[in-house]
């Protein structure tokens, strides 16, 4: 039987891509005051960003419950006897722990392996996609888990934010750094290192920040697949795809929308790249 792949909505996988590859996405929660919404289910992305920019209430986010995961695992166990569940980095979210607890709660007569991706957004998405492709081609549980571990080593991310305001509001960055960004009117760049978001420099203008994204791809000689993720600027994402298409196969460039779970912290104007290198380039 085919191994089933599960991830969470912080992967920002486009729904049609998740459906095509047979990936089950468990939504995280976004809360405005006492009202909770399931990411990608109860509120559209356009509605979320409109509310983010206009509501006097700053949203909070929380991981799926163990019961959410248990329910998904139990349902999938009717179709398979092997599940690989790949979650957002445990250093920024409790989702991985919820998935582990859900595994214990699930009435599933199948083997379940839960993996901490140490990544987020389409970095996590690209890992889940690699796993799903191998699963669909007949790979067994062990082979799929090995593919996940290998893909994790090949993921690189770089993002440019329009401001540090939302990271500050969400408590994800120190006040001094947020003040620095405000005073200089610069665009902060972030990357992932060992499962954590870390500064990757500053760009004087947004155009310079986007140029850094292009050079990020240009300087990575063995890119296998990449994704452009935007929060509120689809035209910029499309233009960046065209620009990168001059040096890389456009068919291997995915465009995704930054969902509420991460958009609450990145804010409007966030633009990031996630790429997966070929294995030979990191050996």
Angle in degrees between helix 45-54 and the longest Cα principal axis of the chain, rounded to the nearest 10:
40 degrees
Within the chain, what percent of beta bridges assigned by DSSP are antiparallel, to the nearest 5?
60 percent
Give the relative contact order (percent, whole number) for the stretch 201-283; include only Cα pairs under 8 Å separated by 6+ residues.
41 percent
How would you order 105-112, 10-17 from highest to lowest mean count of nearby Cβ atoms within 10 Å?
10-17, 105-112
Nearest 10, in degrees from 0 to 90: the angle of helix 66-76 to the longest Cα principal axis of the chain is 50 degrees
Would you mind checking the tilt of helix 206-218 against the longest principal axis of the Cα atoms of the chain, expressed as 0 to 90 degrees and rounded to 10?
50 degrees
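Sum -39500 (n - 2.57) across every DSSP H segment of at least 4 residues in the chain, then divide by the residue count to get the 222 nm mean residue ellipticity, nearest 500. Provide the component values of the computation, followed by the final result.
Values: 11 runs with 114 residues, N = 283.
Mean residue ellipticity at 222 nm (helix-derived): -12000 deg cm²/dmol.
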Given that just one value was derived from the coordinates, which of (i) 41; (ii) 50; (iii) 45 is percent of Cα pairs over 25 Å apart?
(iii)
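Using alpha-carbon pairs under 8 Å, 6+ residues apart, how would you state the relative contact order of the chain in percent?
Values: 580 pairs, mean separation 62.2, N = 283.
Relative CO of the chain lands at 22 percent.
Determine the shape class of the stretch 155-281: with a ≥ b ≥ c the square roots of the Cα gyration tensor eigenvalues, call it rounded for a/c under 1.5, and otherwise prolate if a/b is greater than b/c, oblate otherwise. Each step should come with its number before you reach the end.
On the way: a/c = 1.79, a/b = 1.64, b/c = 1.09.
Note, shape of the stretch 155-281 comes out prolate.
Coordinate-derived values only; no laboratory data. Keep in mind that what you see is a predicted model, and the values were worked out from it rather than measured. Reconstructed Cβ throughout: ideal geometry from the backbone, glycine too, with neighbour counts over all protein chains shown.
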